[in-house]
Amino acid sequence: DGLAAHFGTLDGRFQRTGSLFYYKYANYQVFVVADAVGAPPTLQIVNANDAQVFGAEVEFRAEPLADLVPPEVEGLVLSARGGWLESQFLDFVQLQQDIVFDSTTNKQIVVNRELNNTGNPLLNSPKFKVSLTAEQTLPLGRWGALTARYDGVWTDTTYYDATEGVGIPNDRNVHFLPDTTI
């Protein structure tokens, strides 16, 4: 579900666009590296059950009026975009297998452990993102025009795994990687 609005003023030379959105997913699928005993790590698709995403986006675009700027900057266009995103797994428990040494039997045994990723953000979903653009079009007469463009982007912390960047714990169930490693 979403809601969008678009506003323009000054002969279309200043525009504002905004949107709000909300998505709720059932049977959300995630790529994970499966680590099973006796097999090499493999990329698999697992079901994360439920997930939700909501947020907002805004965009501003300005083309200064010719009588307000010197002739050298005629054709200047400035844009700014920003986004806010909240995403989380509502129900995602992942199974991990480990080989541990059982001191009572002096044997190695396979132990299944659940990794609870519920409440963590979805993969590749930064909370904030901002981008700026400036472009200048230079008319070349009968040869057309040349447009120079500069883009800048800032993106908040982005996780590429379901553990919120801390990775899978070791056999003592301890997360040994520093925060936001992955």
State whether the residues of segment 27-35 include one that is aromatic (Phe, Trp, Tyr), in a strand (DSSP E or B), open to solvent by 60 Å² or more (accessible area, probe 1.4 Å) and at pLDDT 90 or above. no
By residue number, the members of segment 156-182 that are hydroxyl-bearing (Ser, Thr, Tyr) and either modelled with pLDDT under 85 or surrounded by 15 or more Cβ atoms within 10 Å (Cβ to Cβ) (or both) are 159, 163, 180, 181
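Could you tell me whether segment 125-134 includes any residue that is assigned to a strand (DSSP E or B), of a type in the set (A, V, I, L, M) and touching a Pro at 6+ places or on another chain (Cβ under 7 Å)?
No, segment 125-134 contains no residue that is assigned to a strand (DSSP E or B), of a type in the set (A, V, I, L, M) and touching a Pro at 6+ places or on another chain (Cβ under 7 Å).
Yes or no, residue by residue, for (1) in contact (Cβ under 8 Å) with a residue 60 or more places away in the chain; (2) over 21 Å from residue 180 (Cα atoms); (3) over 19 Å from the mean Cα position of the chain (by Cα):
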| position | (1), (2), (3) |
| --- | --- |
| 42 | no, yes, yes |
| 47 | no, yes, yes |
| 56 | no, yes, no |
| 93 | no, no, yes |
| 117 | yes, no, no |
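When the residues of segment 95-110 are filtered to those that are in contact (Cβ under 8 Å) with a residue 24 or more places away in the chain and under 30 Å from the mean Cα position of the chain (by Cα), which remaining residue is surrounded by the most Cβ atoms within 10 Å (Cβ to Cβ)?
Narrowing segment 95-110 to residues in contact (Cβ under 8 Å) with a residue 24 or more places away in the chain: 96-100, 110.
Remaining after also requiring under 30 Å from the mean Cα position of the chain (by Cα): 96-97.
Numbers: 96: 17, 97: 14.
The selected residue is 96.
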Residue hits (segment 111-135; open to solvent by 80 Å² or more (accessible area, probe 1.4 Å) and of a type outside the set (D, E, K, R)) are 112, 116, 124, 128, 132
By residue number, the members of segment 136-155 that are at pLDDT 90 or above and either open to solvent by less than 40 Å² (accessible area, probe 1.4 Å) or among the aromatic types (Phe, Trp, Tyr) (or both) are 143, 150, 152, 154
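The values are calculated or read from the model by the stated rules, or taken from the named source; none is laboratory data. Because the structure is a prediction, the values reported are computed rather than measured. Cβ coordinates were reconstructed from backbone atoms using ideal geometry, including for glycine residues, and neighbour counts include every protein chain displayed. To get the accessible areas, we keep the full protein, side chains included, count just its heavy atoms, and leave off ligands, DNA and RNA. Shrake-Rupley method; radii C 1.70, N 1.55, O 1.52, S 1.80 Å.
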